[in-house]
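Engineer: Have a look at this one before I ask anything.
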């Protein structure tokens, strides 16, 4: 017994780690779940944050913005500065993140302008976007937009900034550096992989003990460990294998912060207005820039994003360069799905597959787009046989339905499970 | 029961065959391991490396899915809906070939050619060449822009240089010559006229590589009109053709096939075709009676027919040498139906055509089956003009030569004279769009658009106009020939405006429907064709009763054919390649010849008896004069003749077609101004070299089973099930253990009328274009890896040296008791509720059990990555460049691209079925009659393939299925196919 003490100890240690990790993941999962369910509130809190700054700005009306502008001529040498020490860059970074008090308060740029990859929609341009935009502009331009912005929204938010010439130059220097670094990825939380490794080691140790070493006379502990880890390993492998190559919940950042919640939800634009080919074609179609212009010819300012996002659309049209959206819903090439079939012939509403798009600021994939998901729907969905086509060729079903011999016809009843309906 | 056999090999004794199969060298599997058949010499270590890499690659590639972008239009074009096809009416013109077409475009790129059903000429049907022409558009070997002495140059600098040079020539009173094929576009003619007017002293010469100049000259003499008449095979009950392959290549084969097959309806009217020829041509294969002759015997036979007819009709007597074959029956039949026959000859000798004309006159065919009201305008060139031009060029009397779309440096019999003459021409310009032997010798290249990028009009037959419109923006920096001519003529007008003006001025007055020229043009453009209702009557000068025919010269020719050792060579065009214009088209190169079933080659065909006498084997190289060609033993070839195809052995056409086959144009000769497509040889020499053909039909024998059933017309009239007695027997005796499945809603099916099918192979290419069927290349065809979903089996019956031929298109039979479905371990092939045999590529993992169990051998396996859809680079087999980005533009996005390792097969064009059903649902209606057409049935010029719903009792399909001629392939296996065949009925002279 004593001889094997270290091994036994390791095993208990590992068990402890395993269960604590398991608990931690379960807890964090449930926390995350509550978070993701509340995307909308999260966004509003952000807006509220901005509002507070606004209020804050109002309080400090006495701040001499004009003065700083009169400094231009004397500070012109400062603005032309191009060489910065690492010390300067660090100060620039501290200024950007609001760690330096200027007067009686600090301004954290990162509050509104993300420096990390975000999985929710932040209306403001992120740090990378502005950094890139100002990469080729001078510090004077940055100063102008910081202290005397043109847009009404920014005017409110940026009111009362107390930034000296040197501060702005340093912020600009840090932003230049940031343009090269890019947005930070959020650190991954405890992954299932780690759990899997620990569980596998435990499983191995216990099975060795059961089969070869027999350290314990009472093998019930080993069996208990084997059962728990075994279930866990099987479960995690099964979950991952099923999810392999599927992208449920995929919500990539788009080149333009387009919100379906604003367009389809608040403004009640019909889905078919922009995705007008859904009724007549296989593809629903990503609307062309010209379609955006139907409204945005007049609407040039958003209530939240200001002019920046809409300006991107206009720029794309001016440059004749299309916006390269990141595709979310994508079926493999060997599946021939037709929107026309489902929207026009089948009269399926958009949300049946795409979820409640009207509430999505950032669009994400709702179903996993697996074949099982397709077939499940085909099995349950009732077909309306009142179309002349069905009346002609499916008259037997139509008649028995009318006579009340059958209560409904499902999609599978009219060949909805034939492989060749989708694969050819 | 007739005995059918497919080729010489299968007639050999079985023992011998089996012994051959056992020899290890013959095992094709072992070939895999030979280093010369695989590009990389592979060792065991390489194999293991590949295994490891493959595993790693699959593991890593599947870990992260690629981020894909969705890129919309900046400004949406109103005519394009992503995911939906748009169709445009247009015209196909390539040299002398013409077809009225509808082009299917997807997202702005043409992907498929379909026939225009409104056309009075081609009536919605196409040929293999027309179907394949869409691939020519995506040929990266086309000229990418204007060039000066082989170096790219800008259009502006080239224009200024050429215009100043042309003007200089005019000032110096020099000669400018424009050399084109027959131009039958009225607007282009008008543009050329403007050019000739602007540059005084310039000439326009038309030259056709395959010449009909003897016919034109003869018609001038006989009828006073130097035109090709409008042959009406649909009005003829008896067709006697002497060496004219009118179903394959002669003049206007699509139109003629449609006309001919309309008279092959055994239930109603049945014409009779008698073919007298040397090669076994497509027409000869479809003839009711076929007589083999040497080409030199042709005049004697014609003269004897003439003599008999003359005697009977005009009671005149002429002295002619005895006929080598018995023609009394033919003459009797011809005389029995005045005005209801056609006699034609493929000869390019004026005297022969004169006799043919007089025979037709005496038989009262002129004005009935041979009309001049809407004569054919696609062939109008005289060889003598070309002779004259070359003479002038050699004398240095030509100062500038503008060549457009002709290739005399390759197709002219005396090409050295042409190239020498070309050196003496001061300014040489080519206006052709694709590289060829001629424009590799010229100074300036001003490339033309592909026809799918061009505006044009056409008048293929008198008063049958059609328009051509661009369906894609130009891919390369090319400019249309007519635009170039307009520019050089000093006009600022674009050709498009020119056509509109021309039509406003000349065509408007021929109709009364529209009063506004813009509306008229737009509506015509939409329809594609404009055929004014009443064609003006064209009077034909009827020659007097005693036509003074130069018998003496004809007789001279017939004199010296008695020597048995003299071997005569007959040159012909193949159905696929013709004169070789589309030699760089992989689809056409891989299209098996309808009769020989050889692709990627031409060859010297000899008869089996001849091969025996001269000790020749299939594939032996022969030295014929100056060229060498491999022997192909062809049953039905006349003894003592060798048939060899023109249009091969090109050197400057591009990656695909260069050095494929043997170039034999130089063996042609000219006689009294017309090119002669035959020649004589004293001897042939074996070189000792041997060769293996890429042949698609040597692999399976018929084993005495009745794949093709046929009967004579009289038997059929007595008993509609004649020749099909087995069908009733099988119906009675077949029993299945399985419960019969019902298809109450749709049950898709097909009927193929073997009486109508001519084997022209249009369907093969139509299917290839529609279904993204890959090209595999010559080596893979040799290894039996061809991929065509639809093949046309050709069987011979009767004697080896004088066989009859039957064609049978074979595609997936969509069996209701499908043997393939039972054996698939992963259910990748299954039956749909609409009676289709479905093949699911993404489920297939390549056991090939289904292939093994399919009695029809219609399943194709992707042995290598032919399509570019595979992931491992080393497995790509694409010698022909079909997976390049440009060539891939032709792919149909509605059909999956199959990767390596999966089986594929005919799907009954399920994508079309789905689309048509959806359209009906969208429009809240039942399907229209014949709304769903598969690619093969849609464009079949013979109307032999009919597709439809077998549950629709009123459809044409149901009518055919209920006919006594209906049977299924291998019905004794009780697979219950959805594809039905109708017995072939022949109308032989007993």
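Engineer: If you check residue B:342 against the conditions, is it surrounded by fewer than 23 Cβ atoms within 10 Å (Cβ to Cβ) and either at pLDDT below 95 or not in a loop (DSSP other than H, G, I, E, B) (or both)?
Structural biologist: no
Let's see how each residue does on (1) at positive phi; (2) modelled with pLDDT of 90 or more; (3) surrounded by fewer than 16 Cβ atoms within 10 Å (Cβ to Cβ):
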{"site": "B:305", "(1), (2), (3)": "no, yes, no"}
{"site": "B:312", "(1), (2), (3)": "no, yes, yes"}
{"site": "B:315", "(1), (2), (3)": "yes, no, yes"}
{"site": "B:318", "(1), (2), (3)": "no, no, yes"}
{"site": "B:321", "(1), (2), (3)": "no, no, yes"}
{"site": "B:327", "(1), (2), (3)": "no, yes, no"}
{"site": "B:330", "(1), (2), (3)": "no, yes, no"}
{"site": "B:338", "(1), (2), (3)": "no, yes, yes"}
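Engineer: Condition check: outside any helix (DSSP H, G or I) and more than 16 Å from residue A:109 (Cα to Cα). Does residue A:166 satisfy that?
Structural biologist: no
Engineer: Here is a further query. Need the failing condition index for residue A:401 against (1) under 37 Å from the mean Cα position of the chain (by Cα); (2) over 21 Å from residue B:918 (Cβ atoms), just the number.
Structural biologist: (1)
Engineer: Output yes when any residue across segment A:343-363 is under 30 Å from residue B:906 (Cα atoms), at the interface with another protein chain (Cβ under 8 Å from one of its Cβ atoms) and in a helix (DSSP H, G or I), and no when none is.
Structural biologist: yes
Engineer: Could you count how many residues in segment A:387-400 are more than 7 Å from chain B (Cβ to nearest Cβ) and buried (at least 19 other Cβ atoms within 10 Å of the Cβ)?
Structural biologist: 2
Engineer: Residues of segment B:749-761 being closer than 23 Å to residue B:915 by Cα and out of contact with any strand residue (DSSP E or B) (no Cβ under 6 Å at 6 or more places or on another chain), which ones?
Structural biologist: B:749
Results for (1) within 14 Å of chain B (Cβ to nearest Cβ); (2) touching a helix residue (DSSP H, G or I) at 6+ places or on another chain (Cβ under 7 Å), shown as yes or no for each residue.
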residue: A:374; (1), (2): yes, no
residue: A:384; (1), (2): yes, no
residue: A:402; (1), (2): no, no
residue: A:417; (1), (2): yes, yes
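Engineer: Kindly provide the set of residues from segment B:952-967 that are part of a loop (DSSP other than H, G, I, E, B) and in contact with a helix residue (DSSP H, G or I) (Cβ under 8 Å, 6 or more places away or on another chain), ordered by number.
Structural biologist: B:952, B:965 - these are the residues of segment B:952-967 that are part of a loop (DSSP other than H, G, I, E, B) and in contact with a helix residue (DSSP H, G or I) (Cβ under 8 Å, 6 or more places away or on another chain).
Engineer: Which of the following residues is under 21 Å from the mean Cα position of the chain (by Cα), more than 11 Å from every other protein chain (Cβ to nearest Cβ), touching a residue at least 12 places away in the same chain (Cβ under 8 Å) and more than 17 Å from residue B:71 (Cα to Cα): A:247, A:307, A:243?
Structural biologist: That would be A:243, the only listed residue that is under 21 Å from the mean Cα position of the chain (by Cα), more than 11 Å from every other protein chain (Cβ to nearest Cβ), touching a residue at least 12 places away in the same chain (Cβ under 8 Å) and more than 17 Å from residue B:71 (Cα to Cα).
Engineer: Select from segment A:364-388 the residues that are assigned to a helix (DSSP H, G or I), without any contact (Cβ under 8 Å) to a residue 40 or more places away in the chain and within 43 Å of the chain's Cα centre (by Cα) and list them in ascending order.
Structural biologist: Hits for segment A:364-388 are A:371, A:372, A:373, A:376, A:377, A:378, A:379, A:380.
Engineer: Taking residue B:814, is it part of a loop (DSSP other than H, G, I, E, B), in contact with a strand residue (DSSP E or B) (Cβ under 6 Å, 6 or more places away or on another chain) and buried (at least 23 other Cβ atoms within 10 Å of the Cβ)?
Structural biologist: yes
Engineer: Give segment B:477-528 a look and list any residue that's surrounded by fewer than 16 Cβ atoms within 10 Å (Cβ to Cβ), closer than 24 Å to residue B:180 by Cβ and under 32 Å from the mean Cα position of the chain (by Cα), or say none.
Structural biologist: Across segment B:477-528, the qualifying residue is only B:477.
Engineer: So, one more: Filter segment B:901-914 down to the residues that are outside any helix (DSSP H, G or I) and buried (at least 20 other Cβ atoms within 10 Å of the Cβ) and list them by number.
Structural biologist: B:902, B:903, B:904, B:905, B:906, B:907, B:908, B:909
Engineer: Restricting to segment B:68-84, name every residue that is in a strand (DSSP E or B) and surrounded by fewer than 17 Cβ atoms within 10 Å (Cβ to Cβ).
Structural biologist: If the condition is that a residue be in a strand (DSSP E or B) and surrounded by fewer than 17 Cβ atoms within 10 Å (Cβ to Cβ), then B:69 is the only one that fits.
Engineer: If you check residue B:243 against the conditions, is it modelled with pLDDT under 95, crowded, with 23+ Cβ neighbours inside 10 Å, out of contact with any helix residue (DSSP H, G or I) (no Cβ under 6 Å at 6 or more places or on another chain) and assigned by TED's automatic domain parsing to the domain that holds residue B:355?
Structural biologist: Against the criterion (modelled with pLDDT under 95, crowded, with 23+ Cβ neighbours inside 10 Å, out of contact with any helix residue (DSSP H, G or I) (no Cβ under 6 Å at 6 or more places or on another chain) and assigned by TED's automatic domain parsing to the domain that holds residue B:355), residue B:243 qualifies.
Engineer: Among the residues of segment A:280-292, is any away from every other protein chain (no Cβ under 14 Å), surrounded by fewer than 18 Cβ atoms within 10 Å (Cβ to Cβ) and not in a loop (DSSP other than H, G, I, E, B)?
Structural biologist: no
Engineer: Right, next: I need the full set of residues from segment B:918-936 which are surrounded by fewer than 23 Cβ atoms within 10 Å (Cβ to Cβ) and more than 14 Å from chain A (Cβ to nearest Cβ), in order please.
Structural biologist: Result: B:930, B:933.
Engineer: Against the conditions (1) modelled with pLDDT of 80 or more; (2) within 16 Å of residue A:124 (Cβ to Cβ), where does residue A:156 fall short? Just the number, please.
Structural biologist: (1)
Engineer: Here is a further query. Consider residue B:856 carefully, then state whether it is part of a loop (DSSP other than H, G, I, E, B) and within 29 Å of the chain's Cα centre (by Cα).
Structural biologist: So residue B:856 passes the test.
Engineer: So which residues in segment B:817-837 are touching a helix residue (DSSP H, G or I) at 6+ places or on another chain (Cβ under 7 Å), surrounded by fewer than 24 Cβ atoms within 10 Å (Cβ to Cβ) and within 14 Å of chain A (Cβ to nearest Cβ), if there are any at all?
Structural biologist: Residues satisfying the conditions are B:824, B:830, B:831, B:832.
The values are calculated or read from the model by the stated rules, or taken from the named source; none is laboratory data. Keep in mind it's a predicted model, so treat the numbers as computed, not measured. Cβ sites come from the backbone with ideal geometry, for glycine too, and all protein chains shown count toward neighbours.
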